[in-house]
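Here is the structure we will look at.
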Amino acid sequence: MNLKKLNEKRVLVKDVFNLKSKRVEVAGWVHNTRGLGKIRFLLLRDVSGIIQITAVKGKVDDKIFKSMDNVSRESVVYVKGFVKDSKQAPGGREIVPEEFEVLSFAEELVIDVSEHSKTELPKRLDWRCLDLHRTRTQAIFKIQSTIGSAFKNYFVDKGFIDVQLPSLISASSEGGTELFEVKYFEKKIYLAQSPQLYKQMLACAMENIVTITPVWRAEKHNTVRHLNECRQMDIEMAFADAKIVLKEMEGVVKYIVGEVIKKNKAELDLLGVKLKVPKTKYMTFKEVAELMKKHKVKIGDDDLTGEAERKLDELFSDTLVFVYDWPMKGKPFYIMPKQGQESLRTSSKRGQSKAEKADAELSEGFDAIYKGMEISSGGQRIHIPELLEKRLKANGLNPKDFKNYIDSFKFGAPPHAGWSIGIERFTQALLGLPNIREAVLFPRDKDRLTP
Ligand code: AMO
């Protein structure tokens with residue numbers, strides 16, 4: 001097979017349906033075959049769609065008829081032939097083959113890759129390379145491609161700088177736990193838990209930045225919404241506070257969902273997902289706590305429970321709920337206390353009014369809940385070195401381990417804020433997938449490192 005020629009001549013299946021030219025060359029996978037007396041039907045699938053190849057014995061070359069008879073499902077084939085309108089064929093068109101070549105013969109399939117496959121997820125993931133032949137699986141990643149590119153484009157078009165950040169770090173960025181150790185020559189270092197410290201340092205020099213980057217969390221628990229390797233869609237903005245960056249999240253999530261609706265109609269139909277551009281709602285943590293109390297739903301002192309997140313979706317469907325004024329205890333060391341610089345002076349609680357005391361326990365951090373799941377967290381950051389040291393110590397971390405980071409705020413650091421949306425978590429929420437692993441090409445969890 002001359003691949004150069006094939007590339008020049010090959011027509012994607014979706015275009016065969018809108019093409020004037022009657023002779024086409026297509027290539028793809030054998031989706032299914034069927035025989036009926038003297039007729040052989042073969043459904044050919046490429047990344048863009050499925051078309052029927054129809055051969056009638058005596059009317060096509062005998063060799064072609066035999067090849068079509070013998071070829072196994074998921075084999076890779078090349079077909080040159082005439083396009084014909086046909087009422088019976090899916091999509092109303094079929095190709096009558098003049099040339100037929102098997103480029104790769106598929107062995108007996110180890111999992112069922114049909115649309116309504118009953119193969120369980122773990123087995124599908126063991127054979128992810130084959131599972132990716134499924135149109136349903138492909139639909140998820142075509143949508144995820146729109147999500148990632150819409151996210152990047154939205155901010156790059158606004159003048160944000162697209163940056164690449166390190167994956168190896170020397171100290172924790174989200175707290176002491178959840179770190180994967182790496183042997184780095186004679187030293188012990190870690191895989192990045194987030195691009196947090198670096199995106200802050202950048203915002204303090206280059207203002208608004210955007211990145212999509214892999215992160216690693218050594219979480220031992222095996223849940224349907226946690227991975228040990230995931231990818232985060234992050235922004236950081238200079239001269240910004242929590243409200244300003246939340247507005248940006250509102251803008252980008254609406255844009256992403258709008259783009260998915262526009263560009264992935266076929267995939268959404270295939271998955272049976274109906275999407276609406278979400279509304280937004282802003283609530284303080286306290287307001288959510290009161291609402292949950294009313295509905296007898298449990299909520300933690302400094303975090304929402306899964307049950308509370310699902311309740312929010314029930315109460316406010318198709319709504320991106322921003323929960324702000326988050327308790328300090330539930331946020332990482334770099335999040336600005338609600339009292340800001342003021343909190344440096346109020347280390348003793350004596351002399352504070354009740355309202356001041358309550359405020360002292362709150363932060364400029366937030367979470368975003370969408371379709372019953374936390375999809376993002378963020379907030380305004382501490383850009384004041386003394387305050388940062390104080391917060392590090394309060395979180396049981398050693399300021400010495402963060403010297404470069406703290407120092408970076410000593411030479412002109414504007415107030416800044418940002419957030420992160422996990423792309424797999426967002427995909428899961430958007431498409432209502434029961435398990436986050438459906439939204440990762442090659443998931444990494446406690447028990448899975450291959451393929
Ligand atoms: P956080 O730790 O909340 O915040 O992570 C932000 C978002 O990343 C996704 N995410 C995960 N997805 C799957 N599996 C995991 N184990 C996992 N952990 C996180 C979620 C989550 O909402 N640096 C801060 C963000 C910031 O303040 O800018 C951070 O990483 O969607």
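No value in this document is a laboratory result; all are computed from the given coordinates. Because the structure is a prediction, the values reported are computed rather than measured. Ideal geometry is used to build each Cβ from the backbone, glycine not excepted, and the neighbour counts take in all protein chains shown.
Considering only beta bridges that DSSP places wholly inside the chain, some 85 percent are antiparallel. Evaluated with a Cβ-only charge set (Lys, Arg +1; Asp, Glu -1), region 204-291 carries a dipole of roughly 440 debye about its Cα centre, given to the nearest 20.
The alpha carbon gyration tensor of region 335-424 gives principal lengths a ≥ b ≥ c with a/c of 1.5 or higher and a/b no greater than b/c, which makes the shape oblate.
Relative contact order, whole percent, for the chain stands at 13, derived from Cα pairs under 8 Å and 6 or more residues apart. If only the Cβ of Lys and Arg carry +1 and only the Cβ of Asp and Glu carry -1, the dipole of region 299-378 around its Cα centre is close to 500 debye. In whole Å, what is the distance between the alpha-carbon centres of region 267-309 and region 163-210? Here the answer is 30 Å between Cα centres. Pairs of lysines in region 20-69 whose Cα atoms sit within less than 19 Å of one another amount to 6, provided the residues are eight or more positions apart or on different chains.
Working note: Karplus 6.51/-1.76/1.60 with θ = phi - 60° gives region 208-219 the couplings 8, 10, 9, 7, 10, 8, x, 9, 10, 10, 7, 7 Hz, where Gly and Pro are set to x.
Each Lys and Arg Cβ is given +1 and each Asp and Glu Cβ -1; about its Cα centre, the chain then shows a dipole of about 860 debye. Sorting 214-225, 139-150 by their mean Cβ neighbour count within 10 Å, with the most densely packed peptide first, gives 139-150, 214-225. Shape class for region 194-264, computed from the alpha carbon gyration tensor (a ≥ b ≥ c): oblate, with a/c not under 1.5 and a/b at or below b/c. Relative to one another, the C-alpha centroids of region 218-247 and region 48-84 are positioned 49 Å apart. Applied to region 363-369, the Karplus parametrisation 6.51 cos²θ - 1.76 cosθ + 1.60 on θ = phi - 60° returns per-residue 3J(HN,Hα) values of 10, 8, x, 8, 10, 10, 10 Hz, with x for Gly and Pro. Calculated mean residue ellipticity at 222 nm for the chain: -9500 deg cm²/dmol, from DSSP H runs with n ≥ 4 weighted as -39500 (n - 2.57), summed, divided by the residue count and rounded to 500. Checking the a/c ratio against 1.5 first, then a/b against b/c, what shape does the Cα gyration tensor give for region 172-303? Here region 172-303 falls in the rounded category. Close amide-amide hydrogen proximity is noted between GLU98 and LYS80, GLY81, PHE82, each under 5 Å apart and 5 or more residues distant or on a separate chain (H modeled in the peptide plane; Pro and chain starts excluded).
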